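A.B. asks: Below you'll find the structure I mean.
What follows is calculated from the coordinates using simple rules that are stated; it is not laboratory data. What you see is a predicted model, and the numbers here were worked out from it, not measured in a lab. Every residue, glycine among them, receives a Cβ derived from its backbone with ideal geometry; neighbour counts consider all protein chains shown.
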Amino acid sequence: MTRLRLLCVLAHPDDESLGTGGTLARYAAEGVETYVITATRGERGRFGDSAERPAADVVGTTREAELRAAAAELGVHEVTVLGYPDGGLDSVEASAAQEVIAGHLRRIQPHVVITFGPEGAYGHPDHVAVSQLTTAAIVRAADRWQVAKLYYIAWSAGTWRAYETALKKLTSTVDGVERQAVPAPDWGITTRIDTNDVWPTVWRGVQCHRTQISVYRNLADLSPDDHRALWGRQEFYRAFSVVNGGRAPEFDLFEGLR
């Protein structure tokens with residue numbers, strides 16, 4: 001059988017570790033070919049604790065290097081950075097961006113694609129935009145490659161509590177309105193992936209994002225059990241599948257393909 005391929009299409013450097021690190025590490029260890037496309041270079045993100053902030057291109061270059069280092073820890077086969085503006089992904093020309101992503105889908109030919117859900121986790125406009133762009137790109141790419149399964153990241157209330165306890169309250173203010181985390185109902189989570197065996201790998205990936213250390217510092221003080229609680233399971237909503245269906249819970253993104 002053709003080697004299975006998994007593609008994550010995400011918004012920023014560190015999404016690959018915090019959002020899908022356990023999944024990428026688990027499937028890479030199983031021999032699945034894993035890919036990451038990151039829409040922006042994260043140039044508007046924080047840059048350590050220094051009062052002085054370098055130019056945006058310096059921040060972007062540094063964060064891209066951190067992304068590539070983290071991906072290497074996670075066993076990712078290939079990383080592609082599209083270079084769209086951080087914080088402005090919803091302002092790019094949609095059809096052109098969809099076609100760029102579709103081009104990578106035709107080239108990589110992934111069996112499974114993961115991206116953010118339509119709510120963008122906590123309403124982050126870039127997360128919402130990359131969800132929309134990726135979903136549309138799958139339709140565009142179907143002229144030459146049919147993705148078998150599309151998954152949206154779906155954090156349960158318990159997972160959100162663990163993240164926000166360890167990190168901080170995650171919010172996004174858009175047009176003067178504060179958006180907060182939107183937990184998925186337990187019954188709406190179609191797929192749970194056991195990533196207990198790879199949580200140390202995920203933690204190494206997270207630590208590669210050194211410019212974000214002011215947010216992640218609290219993680220260093222967590223016990224192994226707490227780390228396992230954070231990184232030991234990943235949850236998804238199966239947006240579509242051409243190889244299986246029904247309401248029975250899944251424990252493998254490649255169910256129906258192997």
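A.B. asks: Of the options 128, 181, 196, report the single residue whose Cα projects farthest towards the positive end of the charge dipole of the chain (beta-carbon charges: Lys, Arg +1; Asp, Glu -1).
C.D. replies: 196
A.B. asks: Enumerate the amide H contacts of residue 8 below 5 Å, restricted to partners 5 or more residues apart or on another chain; note that Pro and chain-start residues carry no placed amide H.
C.D. replies: Hits under the 5 Å cutoff: 35, 36, 37, 114.
A.B. asks: Within the stretch 169-193, find all residues whose amide N lies under 16 Å from a label point positioned 7 Å from the Cα of residue 237 along Cα-to-beta-carbon.
C.D. replies: 180-192
A.B. asks: Using the crude model of +1 on Lys and Arg Cβ and -1 on Asp and Glu Cβ, and no other charge, please compute the dipole size for the chain relative to its Cα centre, in debye to 20.
C.D. replies: Working: 27 positive and 33 negative charges, 87 e Å.
The dipole of the chain has a size of about 420 debye.
A.B. asks: For the chain, calculate the relative contact order in percent as a whole number, restricting contacts to Cα pairs under 8 Å that are 6 or more residues apart. Spell out each step's value before the answer.
C.D. replies: Details: 487 pairs, mean separation 60.5, N = 258.
About 23 percent, as a whole number.
A.B. asks: Here's a follow-up. What FRET efficiency would be calculated for the residue pair residue 258, residue 57, taking the C-beta separation as r and a Förster radius of 45 Å, to the nearest 0.05? Present the calculation step by step, with values, prior to reporting the outcome.
C.D. replies: Details: r = 43 Å, r/R0 = 0.96.
Calculated transfer efficiency: 0.55.
A.B. asks: Distance in nm between label sites at residue 168 and residue 44, each 7 Å beyond Cα in the beta-carbon direction?
C.D. replies: With each label placed 7 Å out from Cα toward Cβ, I get 1.6 nm.
A.B. asks: Within 10 Å, count the other beta carbons around each residue, average over each peptide in 196-207, 142-153, and list them highest first. Walk me through the numbers before you get to the answer.
C.D. replies: On the way: 196-207: 19.8, 142-153: 18.2.
The most tightly packed comes first, giving 196-207, 142-153.
A.B. asks: Looking at the square roots a ≥ b ≥ c of the eigenvalues of the Cα gyration tensor of the stretch 122-204, which shape do they give, rounded for a/c under 1.5, prolate if a/b is larger than b/c, or oblate?
C.D. replies: Working: a/c = 2.01, a/b = 1.22, b/c = 1.65.
Judged from the Cα gyration tensor, the stretch 122-204 comes out oblate (a/c at least 1.5, b/c at or above a/b).
A.B. asks: Add -39500 (n - 2.57) for each DSSP H run of 4 or more in the chain, then divide by its residues: what number comes out at 222 nm, to the nearest 500 deg cm²/dmol?
C.D. replies: Values: 10 runs with 99 residues, N = 258.
Helices in the chain give a 222 nm mean residue ellipticity of -11000 deg cm²/dmol.
A.B. asks: Related question: Go through the stretch 1-97 and name the chymotrypsin sites (Phe, Trp or Tyr not before Pro) that are in a DSSP coil and have 16 or fewer other Cβ atoms within 10 Å of their Cβ. Don't skip to the answer; put the middle values down first.
C.D. replies: Details: sites: 27, 35, 47; in loops: 47.
Here no chymotrypsin sites (Phe, Trp or Tyr not before Pro) fit, given the DSSP loop and packing criteria.
A.B. asks: Of 219, 79, 147, which is farthest on the positive side of the dipole of the chain, counting Cα position, with +1 on Lys and Arg Cβ, -1 on Asp and Glu Cβ, and the Cα centre as origin?
C.D. replies: 147
A.B. asks: I would also like to ask the following. Which is the longest part of the chain that has none of the GluC sites (Glu not before Pro) sitting in a DSSP loop with at most 10 other Cβ atoms within 10 Å?
C.D. replies: Working: sites that count: 52, 93.
Here the longest run is 94-258.
A.B. asks: Around residue 85, what is the net charge, scoring Lys/Arg as +1 and Asp/Glu as -1 over all other residues with Cβ under 15 Å from its Cβ? Each step should come with its number before you reach the end.
C.D. replies: Working: positive: 41, 44, 63; negative: 43, 57, 64, 86, 90, 93, 126.
With Lys, Arg at +1 and Asp, Glu at -1, the neighbours total -4.
A.B. asks: Whole angstrom only: what separates the Cα centroid of the stretch 63-124 from the Cα centroid of the stretch 164-236?
C.D. replies: Answer, in whole Å: 19.
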